[in-house]
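Rule-based calculations on the coordinates, nothing more; no lab input. Just so it is clear, the model here is predicted, and its values are computed rather than measured. Counting neighbours? That spans all protein chains shown, and the Cβs are built from the backbone with ideal geometry, glycine included.
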Amino acid sequence: MRAVYRKYNESLHWHEWLLNLGEDEHGLWLGAPPNNVAQRGEEPPVVAPQAHVVLFPRGQWWTASFNDRPQKTEIYCDITSPVEFSAGLVTMIDLDLDVIRRRNGTVLIDDEDEFAEHQVKYGYPPEVIASAQASCDWLAANVAVSEPFVSAFKPYLDKARLATMD
């Protein structure tokens, strides 16, 4: 499946091909084996040396990437518009804010400055700002203590480690 993140002005952001690993009560799980290629916009592609999985929850204002060791960032949550699902494609708008859980347990919020700047630059409506901030606050409070962030991702990451992109 193709995962495509865009910015609010519809410009291409991160995009990559991922394998469908399954769906559960948390959402759709897509993953990539080690050495999968991703690309930000039109920049040169980058190789991710570790396996990773991405959770695309239905009706939520976020997505979450779960990275294999030795990556220092264990979980990287993007605040986004709710994901749109179509045949072979998942798309969403990246709303700048990120909630990160490092492997040592540290949780931090990133890109608050970009979120503030883009509210003006792109004219985010008040309901988008409120939904993005509420999701960011919820993730910051839950990414270290609640599912799917504690163990639900682990079987999917195991699958991604063994997968191939044939």
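Over the residues of the chain, the helix contribution to mean residue ellipticity at 222 nm works out to -6500 deg cm²/dmol, using -39500 (n - 2.57) for each DSSP H run of at least 4.
Looking at the square roots a ≥ b ≥ c of the eigenvalues of the Cα gyration tensor of the range 2-157, which shape do they give, rounded for a/c under 1.5, prolate if a/b is larger than b/c, or oblate? Rounded is the answer for the range 2-157, as its axis ratio a/c remains below 1.5.
Highest average first, the peptides 137-145, 103-111, 47-55 ordered by how many other beta carbon atoms sit within 10 Å of their residues are 47-55, 137-145, 103-111. Cross-link partners among lysines for K7, C-alpha distance below 28 Å, same-chain residues fewer than 8 apart left out? Candidates past the 8-residue exclusion: K72, K121.
Evaluated with a Cβ-only charge set (Lys, Arg +1; Asp, Glu -1), the range 2-157 carries a dipole of roughly 500 debye about its Cα centre, given to the nearest 20. Taking 0.36 nm per residue of separation and subtracting the Cα-Cα distance, full extension of the segment from Q39 to L162 would add 42.1 nm.
Helices assigned as whole DSSP H runs in the chain whose Cα atoms extend at least 18 Å along their own long axis and whose mean Kyte-Doolittle hydropathy is -1.0 or higher are found at 126-142.
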